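The values are calculated or read from the model by the stated rules, or taken from the named source; none is laboratory data. Bear in mind that the values here come from a model prediction, so they are computed numbers and not experimental data. Cβ placement follows ideal geometry from the backbone for every residue including glycine, while neighbour counts extend to all protein chains displayed. Note: areas computed on protein heavy atoms with side chains; ligands, DNA, RNA excluded. Shrake-Rupley method; radii C 1.70, N 1.55, O 1.52, S 1.80 Å.
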Amino acid sequence: MKKKIKELVEFLNKNKPVRSINIMEVCGTHTMAISRYGLRQLIPENINLISGPGCPVCVTPTSDIDWIIEIARQYDVSVFTFGDMFRVPGTESSLYNERSRGRDIKICYSPADVLNFAKNNPDKKVIFIAIGFETTVPLTSVIVKRAYKENIDNFFIYNTHKLVPEALELLLVDREVKINAFLCPGHVSVIIGSKPYNFIAEDYHIPCVISGFEPMDILESIATIIRQINKGIAEVEIQYRRVVREEGNPTAVKLMYEVFDKSDSLWRGLGNISGSGLKLKNKFLKFDAKTFFPVKRIKSREPAGCECGDVLKGIKKPAECRLFSKICKPENPVGPCMVSSEGSCAAYYKYEKLKV
Ligand code: SF4
C-alpha cells in the first residue's frame, strides 16, 4: 500500500499539469479523507483540491431548519433527526436548543426505527427528517412504502432529499467557480452509476472520476484526472470499481421513483436548482410533513458572517472565512459546515487548522 501511494505521488509530481487546476471533490467523505490523510500536502501545489456541495446537512438551507423548528413549536409532534442536523443553527434557534426548551426532538440512526416508534406509539404524530442524496433516498422510499402498505397514519417525513448531478451542472455554468475536473462521489454513484455524469464530460469537457475513499483510491483518481487533462480528453471513469457499476443499482433507482418525482430544490449557497430535488408522489402525499403541518413561517437569515455558501460552491476555502477557528469552532459552530461530520470547515478545523 505504502509503495503504491509513493508511486502515485511520484507520478503526480512527474506529470503535474503545466497550469494550475481545480479538482472539486463532491462528497463530504472525500473532503474528510483528503484532510485527514494530508493528501493536499502530498500532491503538487498546482493541483488544487476544492470542496463542493457534498455534505447533505451543509446544503440544507436555513429555511428548512426554521420550518422544522416551527412545526415542533406549533404542533404536538415527535421529531426524529440524524445527529448532524441536531446542532445546525437556524435563524433563531436549532433543534438542540428547541429540545432543551422541551420540544420532543430525538436523534435516530435509521428511518426504520422511527417508523417502528410511530407504530408503537399510535397516539403520537411522528416526523422523520429525511435527508441525503441518492444514497439515502432508497431507504426513505422503502419506509414510506411500508408505512403506506401498513396504513400507518401517524408517520410523516420532512423531505429534504437532493440529487447530485443537477447541482454539478449549476456549478459548471456559474462563472464564479472554476472547475477543471470532478472527483465524483462514491456512495451516490453506487446507486446512480456513472452515466448521469456523462453530460459533464460530453457537454462541458470536464473529466469525472468516481473515487473510493481510501487515500490510495483518491490519489489514483487524481492521477486518472491528470492523465485525462494532459491528453486533452474528458471522460467519466470509475476508479471505485469494487462497488460502483456503470449502470448503478437499477433496483434502488426504480424504488426511488416509485415514491418520489423530481422537483426543484433550494440548496444553501447554490440557490434553487431545477430538477435537483424530490417530492413525494401524490399517492404518498399523506406522509408529507410540510403538507400535514402548515406553519406560519419566519423570515430566514443565514448566520451573520458565515460563508458556508461560498465554501459549498468552492469559491472560498474554510480558512478564508473570517470566523473560522476564531469564533466558529466545532464546540461553537456558526454554520453547518462546521457542525457536520462531513463539513469542509469541520474537516479543515480538525486536521488542517495549523497548516492554513
Ligand atoms: S468557518 Fe464557520 S462561519 Fe465560516 S463558513 Fe465555515 S461554518 Fe460558516
Once TRP267, TRP67 are ranked on solvent-accessible area with the largest value leading and a 1.4 Å probe, the list reads TRP67, TRP267
Gyration tensor (Cα only) of segment 33-110 to equivalent ellipsoid, semi-axes in Å sorted down, yields 36, 13, 9
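Counting each DSSP H run of 4 or more residues in the chain as -39500 (n - 2.57), what helix-only mean residue ellipticity at 222 nm follows after dividing by all residues, to the nearest 500 deg cm²/dmol? Could the numbers behind the result be given before it?
Details: 18 runs with 145 residues, N = 356.
Dividing the helical sum by the residues of the chain leaves -11000 deg cm²/dmol.
Thinking of segment 127-251 as a set of Cα atoms, what percent of all their pairs are more than 23 Å apart?
Details: 3154 of 7750 pairs.
Result: 41 percent of Cα pairs exceed 23 Å.
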Expected field for LEU278, accessible surface area in Å² at 1.4 Å probe radius, rounded to 10, holds 10 Å²
The alpha-carbon pair-distance distribution computed for the chain, with 20 angstrom bins and whole-percent values, is 30, 56, 14, 0
The orientation-averaged projected area of the Cα convex hull of segment 226-311, in nm², is 10.2 nm²
At the level of C-alpha centres, the distance separating segment 25-72 and segment 324-339, in angstrom, is 14 Å
Under the 7 Å Cα-to-Cβ spin-label approximation, ILE298 and LEU172 lie apart by a distance in nanometres of 4.0 nm
For PHE80, the accessible surface traced by a 1.4 Å probe with all protein chains present amounts, in square angstrom to the nearest 10, to 20 Å²
Stretched fully, the stretch from LYS124 through ARG36 gains (0.36 nm per residue minus C-alpha distance, one decimal, in nm) 27.4 nm
Magnitude of the Cβ-charge dipole (Lys and Arg +1, Asp and Glu -1) of the chain about the Cα centre, nearest 20 debye, reported as 560 debye
Expected field for TYR148, accessible surface area in Å² at 1.4 Å probe radius, rounded to 10, holds 90 Å²
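From the mean inverse distance of alpha carbon pairs (Kirkwood) and the Cα radius of gyration, derive Rg over Rh for segment 205-356.
On the way: Rg = 19.9 Å, Rh = 19.2 Å.
Looking at segment 205-356, the ratio lands at 1.04.
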Sorted by chain and number, the residues with a modelled amide H under 5 Å from that of TYR158, at a separation of 5 or more or across chains, are PHE128, ILE129, ALA130, ALA289
Between the alpha carbon centres of segment 128-146 and segment 157-205 the gap in Å comes to 20 Å
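Per residue, what volume in Å³ does the convex hull of the Cα atoms of segment 61-100 enclose?
Numbers: hull volume 2.6 nm³, N = 40.
In segment 61-100, the Cα hull volume divided by residue count equals 65 Å³.
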The set of residues whose placed amide H lies less than 5 Å from the amide H of SER78, leaving out same-chain residues fewer than 5 positions away, is LYS125, VAL126, ILE127
In Å, the Kirkwood hydrodynamic radius from C-alpha pairs for segment 246-287 sits at 11.6 Å
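Quick one: compute the contact order of segment 116-196, relative version, from alpha carbon pairs under 8 angstrom and 6+ residues apart, as a percent.
36 percent
If you place +1 on the Cβ of every Lys and Arg and -1 on the Cβ of every Asp and Glu, how big does the dipole about the Cα centre of segment 212-356 come out, in debye to the nearest 20? Please list the in-between numbers first.
Values: 26 positive and 18 negative charges, 140 e Å.
The calculated dipole for segment 212-356 is roughly 680 debye.
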Quick calc: nm separation of the 7 Å Cα→Cβ label points for ASN116 and ASP104 -> 1.9 nm
Relative to the chain, whose Cα atoms define the longest principal axis, helix 250-259 and its Cα axis are tilted in degrees, nearest 10, by 40 degrees
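Given that compact globular proteins tend to follow 2.2 N^0.38 Å, what is the ratio of the alpha-carbon Rg of segment 177-222 to that value? Don't skip to the end; give the middle numbers.
Working: Rg = 10.9 Å, N = 46, 2.2 N^0.38 = 9.4 Å.
In units of the globular-protein estimate, segment 177-222 measures up at 1.15.
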Restricting to Cα pairs under 8 Å and 6 or more apart, the percent relative contact order of segment 183-232 works out to 38 percent
If one compares the long axis through the Cα atoms of helix 62-74 with the longest principal axis of the Cα atoms of the chain, the angle in degrees, nearest 10, works out at 20 degrees
Taking alpha-carbon centroids only, segment 83-113 lies from segment 208-264 a number of Å equal to 33 Å
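How high is the relative contact order of segment 72-179, in percent, counting Cα pairs under 8 Å that sit 6 or more residues apart?
Numbers: 133 pairs, mean separation 27.5, N = 108.
In percent, rounded to a whole number, it is 25.
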Quarter of the surface of the C-alpha convex hull for segment 106-159, i.e. direction-averaged projected area in nm², equals 3.5 nm²
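Looking at this model, which pairs from LYS106/LYS178; LYS3/LYS350; LYS4/LYS350 are more than 30 angstrom apart at the alpha-carbon?
Values: LYS106/LYS178 40 Å; LYS3/LYS350 27 Å; LYS4/LYS350 27 Å.
Violating the 30 Å Cα-Cα cut-off are LYS106/LYS178.
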The ratio Rg/Rh over the Cα atoms of segment 17-68, Rh being the Kirkwood inverse mean 1/r radius, stands at 1.15
P(r) over all Cα-Cα pairs of segment 135-198, 5 Å bins from 0 to the longest distance, whole percent per bin, short to long, reads 3, 13, 19, 17, 13, 12, 9, 6, 4, 2
Short to long, in 10 Å steps from zero, the percent of alpha-carbon pairs of segment 191-247 per bin is 27, 52, 21, 0
Rounded to 0.05, the calculated FRET efficiency for the beta carbons of GLU214 and ARG146 at R₀ = 30 Å is 0.30
The helix 111-120 Cα axis meets the longest alpha-carbon principal axis of the chain at an angle in degrees, between 0 and 90 and rounded to 10, of 10 degrees
Distance in nm between ASN230 and ASP76 label points, each 7 Å along Cα→Cβ, equals 6.9 nm
